[in-house]
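What follows is a short report on a single structure.
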Amino acid sequence: YMVDKGNHRHFMEKEIYEQPEVISHALAHYVDLGDHTVETSICGAIDFASLRSLAISACGTAYLSGLIGKYWFERYARLPVEIDVASEFRYREIPLAKDQAALFISQSGETADTLASLRYCQEAGLKIGAVVNVKESTIARESDAVFPILAGPEIGVASTKAFTCQLTVLASLAIAAGKLRGTISSDEEKQLVRSLSEMPRLMSGVLNAIEPKIEALSRELSKYKDVLYLGRGTSYPLALEGALKLKEISYIHAEGYAAGELKHGPIALIDENMPVIVIAPFDRFFEKTVSNMQEVAARGGKIIFITDGKGAAASKLPTMETITLPNVAEIIAPMVYSLPIQLLAYHTAVFMGTDVDQPRNLAKSVTVE
Ligand code: AGP
């Protein structure tokens, strides 16, 4: 059916703003928003209780949501996760056994690399789960269990709402898996689901609050040729996603790094010509990330600090800009922190005058290997 931009300039902008609503839909499908529990039946044909490990593969942004999912499955369900980009997964010749399951994440459900990886795992006799947006897609059809992300049609080539809906589904599945495996208590379950249920309202608030500041910052950012993103824990895959988003639509060279890896190489690049975007909620990793930030500041690097109220108060370092978000529970930080990351890429691309919804050389769904 027809999808239009409403009163937005681009589909990407519209899709960024749709996130609180589509995430609500996804949540209503996977968790009980009244008593803050999750039904283990959402896992369908994937028997998380008896799994030895989970293999995840996907491409691009979908791969990065899988990388965040890995942190959750391992932490909440104590389930080891093997993850790789789909185009490499098969070539590692991973010893696969039937007490493993494989999870494929794809907005379109048609990505050739992901599909090839799915068929490879199917041949090895693994149960197949698919986290997809398009329910009628090939990947959905060839899977034993389909986990729809319910994001609605995503038109912009740069994935935004599909990413945060994928994260919402993966978080729900990790909690359900934890319940099945007896690795989280019912108190923890309730706390996690309550945090998830607060997400749409928090995200609406953030969208309304940060746009003017991000727009001004984007005007500055559009003057640079290289940008570095840093994060630790689940903020590390988010740093990778920030860099991917910026390069694909603004054509500015960007790299994401684990904050702790800075001193193992990329620190050599630090000078006043490469802004460093640090994603650091006030979590258990905060102090360590701030010490990495200190290393940047000491070398004249310009810092764009994306943090929360507690983080902003705790760090005394000078920054080019500080984007302050509400203090949020750890499990929803990746979704909430996606918003400034997406808006920064979006507005920078708008200032650069690129074709935001149809960036050069890219296709919405890549059907060649
Ligand atoms: C995301 O912004 C990209 N355009 C791209 O990385 C995309 O996520 C990737 O091609 C995977 O697509 P899929 O989710 O449809 O499989």
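Between segment 208-277 and segment 305-322, the alpha-carbon centres lie 16 Å apart.
The distance linking segment 93-140 with segment 1-69 is 17 Å (Cα centroid to Cα centroid, whole angstrom).
For segment 53-147, what class follows from the C-alpha gyration tensor (a ≥ b ≥ c being the square roots of its eigenvalues): rounded when a/c is under 1.5, otherwise prolate if a/b is larger than b/c, else oblate? Taking the square roots of the gyration eigenvalues as a ≥ b ≥ c, segment 53-147 is rounded.
In this simple spin-label approximation, ALA45 and ILE155 carry label points 7 Å from Cα along the Cα→Cβ vector, and these lie 3.4 nm apart. When peptides 212-221, 144-153 are ranked by their average number of other Cβ atoms within 10 Å per residue, the highest-first order is 144-153, 212-221. Using equal-weight Cα scatterers in the Debye expression, the normalised intensity of the chain in log10 at q = 0.07, 0.08, 0.11, 0.14 Å⁻¹ is -0.28, -0.37, -0.73, -1.20. Computed over the alpha-carbon pairs of segment 89-217, the distance histogram in 10 Å steps reads 11, 31, 32, 20, 6, 0 percent, short to long.
Largest GNM mean-square fluctuation among ALA209, ALA312, ALA58, using the chain with Cα springs under 10 Å: ALA209.
Let me make sure I get this right: for segment 201-254, a, b and c are the square roots of the gyration tensor eigenvalues over alpha carbons, sorted descending. Under 1.5 in a/c it's rounded, otherwise prolate if a/b > b/c, else oblate. Which is it? In terms of gyration-tensor shape, oblate. Tell me, what is the FRET efficiency for TYR91 and ARG219 to the nearest 0.05, using R0 = 56 angstrom and their Cβ-Cβ distance as r? Approximately 0.85, to the nearest 0.05. For the chain, the relative contact order is 19 percent, taking Cα pairs closer than 8 Å that sit 6 or more residues apart in sequence and dividing their mean separation by the residue count. Bridging of LYS190 to aspartates and glutamates at a Cα separation below 17 Å is possible for ASP32, ASP35, GLU39, GLU198, GLU330, once same-chain residues fewer than 8 apart are set aside. In this simple spin-label approximation, ASP187 and ARG78 carry label points 7 Å from Cα along the Cα→Cβ vector, and these lie 1.8 nm apart.
Within the same chain, lysines fewer than 8 places from LYS98 are excluded, and of the rest, those with a Cα less than 23 Å from its Cα are LYS70, LYS127, LYS179. Between GLY300, GLY69, GLY109, the Gaussian network model of the chain with springs among Cα atoms under 10 angstrom shows the greatest mean-square fluctuation at GLY300. The value obtained for segment 309-353, namely the Cα convex hull volume divided by the number of residues, is 73 Å³ per residue. Per-residue ellipticity at 222 nm computed for the chain from its helices equals -15000 deg cm²/dmol, with DSSP H segments shorter than 4 residues left out and the rest contributing -39,500 (n - 2.57).
Counting residues in segment 131-181 as N, plug N into 2.2 N^0.38 Å and put the Cα Rg over that result. Intermediate results must be reported in sequence, preceding the final value.
Values: Rg = 12.1 Å, N = 51, 2.2 N^0.38 = 9.8 Å.
Compared with the compact-globule rule of thumb, segment 131-181 sits at 1.24.
Put a dot 7 Å past the Cα of GLN358, heading toward its Cβ, do the same for GLN122, and the two dots end up 3.3 nm apart. Potential lengthening of the chain between ASP35 and LYS288 amounts to 87.4 nm, from the contour at 0.36 nm per residue minus the alpha-carbon distance.
Give me the number: length gained by fully extending GLU198 to ALA314, i.e. 0.36 nm times residue separation minus the C-alpha to C-alpha distance, one decimal in nm. All intermediate terms of the calculation are to be shown ahead of the outcome.
Values: separation 116, 0.36 × 116 = 41.76 nm, distance 2.50 nm.
Additional length available on full extension: 39.3 nm.
Projected onto its three principal axes, the C-alpha set of segment 18-102 covers 44, 31, 22 Å, listed from the longest axis down.
Straight-line cross-link reach from LYS225 at under 22 Å between alpha-carbon atoms covers these lysines, not counting any fewer than eight positions away in the same chain: LYS213, LYS245, LYS247, LYS263, LYS302. Under a GNM of the chain (C-alpha, springs under 10 Å), which listed residue has the highest mean-square fluctuation: ALA45, ALA254, ALA313? The residue with the greatest mean-square fluctuation here is ALA313. Packing-based ranking of 161-173, 183-195 yields 161-173, 183-195, ordered from highest to lowest mean Cβ neighbour count within 10 Å.
Each reported figure results from applying straightforward, stated rules to the coordinates on display, with no laboratory input. The model shown is predicted, which means the values in this text are computed figures rather than measured ones. Using ideal geometry, Cβ is built from the backbone for each residue, glycine included, and neighbour counts are taken over all protein chains shown.
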